[in-house]
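J.: My questions will all concern the structure given below.
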Amino acid sequence: MPLSAKSVLLRGAPLARKILPRWAQRFLLLHMLGVNRPYARLRAVASRLCLERELLPWIAQRYRHVLFVGTSSYTFHYEDLFRRDQYTTIEVQPRGAAWGAADHIVAPIEEIGRHRPDGSFDSIILNGVFGFGVDQPDHKRRVIAALHRALAPGGLLLVGWNTDLHDDPAPLLLPYFAPAGEEPCSERRAFAPDETHVYDFYTRRPDQ
């Protein structure tokens, strides 16, 4: 049975990641494989609009070294909001590198210390990670400890999570982070009743 063009492209994806530049990988994935079609509705979701139109632009103006945790076909355009030397991404799956920034790390977030010195970032965005791969309390604690080491004292941590997927992570975060107090990050952003997604904002506590 002859293979479809899509099947050929899927089979060749590992090789393409090795030899094609990011822009070419993105073109194939978006326009020939249509990988973003299942996520098209996200662009109109209130929490996503808040992130893209308000929170990320504010962070881009205020912070010099930003780490974004997790990459996908619906996050790659975030790098356009930042300078090239300002924005770093990290993703555990090698295939996510196509959607990463020019400065991209392939690793789980709890291993960020193997790739960057402590205190390398003054803002970290952890959106849709808890409940989507980092699920158990012990795993969350390891991630939170790594975030604390990677973030400079007083740096901003944005945590986006879904209230229907797990308990509030605040009790796990508060030993390492304090609630942020500066607008527009002084209180939780919620989008009920249409969504269960919320954004919480913290600043890194000094080392004990």
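J.: Looking at the range 135-155, can you tell me whether even one residue there is within 15 Å of F68 (Cβ to Cβ), crowded, with 17+ Cβ neighbours inside 10 Å, in contact with a Pro (Cβ under 7 Å, 6 or more places away or on another chain) and in contact (Cβ under 8 Å) with a residue 12 or more places away in the chain?
T.: Taking every residue of the range 135-155 in turn, none turns out to be within 15 Å of F68 (Cβ to Cβ), crowded, with 17+ Cβ neighbours inside 10 Å, in contact with a Pro (Cβ under 7 Å, 6 or more places away or on another chain) and in contact (Cβ under 8 Å) with a residue 12 or more places away in the chain.
J.: Only one of these is hydrophobic (A, V, I, L, M, F, W, C), within 17 Å of the chain's Cα centre (by Cα) and closer than 19 Å to Y202 by Cα: I90, I124. Name it.
T.: I124
J.: (1) out of contact with any His (no Cβ under 7 Å at 6 or more places or on another chain); (2) assigned to a helix (DSSP H, G or I); (3) touching a residue at least 12 places away in the same chain (Cβ under 8 Å): which one isn't true of A97, the others all being true?
T.: That leaves (1) as the condition not met.
J.: With the requirement that a residue be surrounded by fewer than 18 Cβ atoms within 10 Å (Cβ to Cβ) and touching a strand residue (DSSP E or B) at 6+ places or on another chain (Cβ under 6 Å), what does the range 117-127 give you?
T.: G119
J.: Take the residues in the range 44-59 that are over 17 Å from L126 (Cβ atoms) and either among the hydroxyl-bearing types (S, T, Y) or assigned to a helix (DSSP H, G or I) (or both); name whichever of them is modelled with the lowest pLDDT.
T.: Here the residue is A44.
J.: Select from the range 149-208 the residues that are hydroxyl-bearing (S, T, Y) and assigned to a strand (DSSP E or B) and write down the one among them that is farthest from E52 (Cα to Cα).
T.: T203
The values are calculated or read from the model by the stated rules, or taken from the named source; none is laboratory data. Please read these numbers as outputs of a predicted model, since none were measured by experiment. Note: ideal-geometry Cβ built from the backbone for every residue, glycine included; neighbour counts use all protein chains shown.
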